[in-house]
Amino acid sequence: MTGNSLDHHLQRYAQRTSSMKASAIRALFSVANRPEVVSLAGGMPFLQSLPLEALAADTAAMIAEQGLVAFQYGSGQGILELREQICEVMALEGIRAHPDDVVVTVGSQMALDLTTRIFIDPGDVILAEAPSYVGALTTFASYQADVVHVASDENGLVPSALVVAIEACRAAKRRIKMLYVIPNYHNPAGTTLSAERRPIIAQICRDADITLLEDNPYGLLGFDDTVHRAIRADDADNVVYLGSFSKTFAPGLRVGWVLAPHAVREKLVMANESATLNPPVFNQMLISMYLAKYDWQSQIKAYQVTYAERRDAMLGALETMMPAGTTWTVPTGGFYVWVTLPEGFDTAAMLPRAVSARVAYVPGTAFYADGFGSRQMRLSYCFPTADRIVEGVRRLAGVVNGELEV
Ligand code: PMP
């Protein structure tokens, strides 16, 4: 392609593409994926304990018996049997829902996209925790939303800060459409919203006429046998709830869902149809068969045990190896620890040195829409073994200590 025709394309791009930038971090991650690098960067579930051989046999049988349905186009809302099973999964978190109000999506990432698509006009404000999930922030930016961060602490989003943020936006005549919250085992913060705060936050949103978007892919991955009650369980009218099989089963199948108030559900189905016609029938049937035939709750238990062991390895290593003045969150489930280095550190600038030392993480600025987070980083413990995690933290501590000496 000549330079000239590239310029033409650039001029033709829609404004919404201006937030889509190739990231230097992504380029580094191709190096970080080499086997000699301990990657504490990715959020990849550890799938080794899945019963692959049994699944292969059952999937073959499914194709033989129901292939003509599995390989055909399907409903834009998702197959009914799976939506019924999704309601049973959500019941574990106290949610009573009708399958008619569930829309199956291509991962909960697509659910984020569709929800943003139907609610957000350019310039609308979306309130989000500080920090927040990078994939949601990029989706919000692609619809030209303005993200306003709200302070969160070790118990999640701070209700009084939410009130202040709403008042400030209102004073500036900005239109707030949504509050985006990850209540359990937050990505990247590793924190859980306390039970006391949940109804308070829901009430603030209702009073302010703001939709609460509850994103809960990690809810069943607690390490202490507690399942936290969903915000949606006590607020069916104002909460749009997102769920996913990515962390509890298999992310490669790309199946998630939205549970929405009935009226909103109709628009979501239309948006789903215009984006994908329908979510993949084959993948939905595979998951439905898995939920019906396998002891999926024991499988989740196996994941919990593995992740708890790895979390302990990471926290122990941080405790013994990181320099004084470094702090971190203590997750009670999920995949992530959020680390804050002492004043003066820049984790984005430090990343190439860390990768040279064969360890990778995600710099904190990725999780803010406004450039904050430069002293912070997300470490994930879901994929490497405990030994590798300890080795990774050793390498990381070496890099951090090296910076201190300069
Ligand atoms: N929300 C959060 C908070 C996540 O961490 C992720 C995955 N990293 C997603 C949504 C998207 O997950 P998926 O599309 O695989 O369901």
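Would you count, across the chain, every pair of lysines whose alpha carbons are under 29 angstrom apart, provided the pair is eight or more residues apart or spans two chains?
Value for the chain: 9.
Given +1 on the Cβ of Lys and Arg, -1 on the Cβ of Asp and Glu, and no further charges, what dipole in debye does the stretch 343-406 carry about its Cα centre, rounded to the nearest 20?
That gives the stretch 343-406 a dipole magnitude of about 240 debye.
Rounded, prolate or oblate: which fits the stretch 199-343 when a ≥ b ≥ c are the square roots of the eigenvalues of the alpha-carbon gyration tensor, with rounded for a/c under 1.5 and prolate only if a/b beats b/c?
Because a/c hits 1.5 or more and a/b fails to exceed b/c, the stretch 199-343 counts as oblate.
Based on the mean of other Cβ atoms within 10 Å per residue, sort peptides 333-340, 8-15, 273-280, 305-312 so the most packed one is first.
Most protected by this proxy first, the peptides run 333-340, 305-312, 273-280, 8-15.
Could you tell me which trypsin sites (Lys or Arg not before Pro) in the stretch 52-146 are loop residues by DSSP with no more than 12 other beta carbons within 10 angstrom of their beta carbon?
Sparse-neighbourhood loop trypsin sites (Lys or Arg not before Pro): Arg96.
If neighbour count is taken as other Cβ atoms inside 10 Å, put Glu405, Glu129, Glu154 in order from fewest to most.
Glu405, Glu154, Glu129
When the helix-only estimate is applied to the chain (DSSP H runs of n ≥ 4, each -39,500 (n - 2.57), divided by the residue count), what is the mean residue ellipticity at 222 nm, nearest 500 deg cm²/dmol?
Computed ellipticity for the chain at 222 nm equals -14500 deg cm²/dmol.
At 7 Å along the Cα-to-beta-carbon direction for both Ala60 and Ala171, put a label point, then send me their distance in nm to one decimal.
According to this spin-label approximation, the distance is 6.8 nm.
What is the order of Arg34, Arg388, Arg197, fewest Cβ neighbours within 10 Å to most?
Starting with the residue having the fewest Cβ neighbours, the order is Arg34, Arg388, Arg197.
Quick one: grab the alpha carbon gyration tensor of the stretch 1-82, order the square roots of its eigenvalues as a ≥ b ≥ c, and give me rounded if a/c is under 1.5, else prolate or oblate depending on whether a/b is larger than b/c.
In terms of gyration-tensor shape, oblate.
Please work out whether the chain counts as rounded, prolate or oblate from its C-alpha gyration tensor, where a ≥ b ≥ c are the square roots of the eigenvalues and a/c under 1.5 means rounded, while otherwise a/b larger than b/c means prolate and anything else oblate?
rounded
Just to be sure I understand: of the beta bridges DSSP finds with both ends in the chain, what percent are antiparallel, rounded to 5?
50 percent
Given R₀ = 45 Å, what would the calculated FRET efficiency be for Val164 paired with Thr226, taking r from the Cβ atoms and rounding to 0.05?
0.90
Spelling out what I want: for every residue of the stretch 318-333, take phi, set θ = phi - 60°, compute 6.51 cos²θ - 1.76 cosθ + 1.60 (Karplus), and round to whole Hz; glycine and proline get x.
In residue order, the calculated couplings are 4, 4, 7, 10, 7, x, 4, x, 8, 10, 7, 7, 10, x, 9, x Hz.
So how far apart, in nm, are the two label points at Glu81 and Asp295 if each is 7 Å from Cα heading toward Cβ?
Each label point is offset 7 Å from its Cα along the Cβ direction, giving 2.3 nm.
Quick one: Glu53, Glu319, Glu266, fewest Cβ neighbours within 10 Å first, how do they rank?
Glu53, Glu319, Glu266
What nm distance separates the two modelled labels at Glu154 and Phe71, each placed 7 Å from Cα along Cα→Cβ?
Distance between the two pseudo-spin positions: 5.6 nm.
Where a number appears in this text, it was derived from the coordinates with a stated rule and is not lab data. Computed from a prediction, not measured in an experiment: that's the story for all the values here. For neighbour counting, all protein chains shown are included, and Cβ atoms are generated from backbone atoms with ideal geometry for every residue, glycine included.
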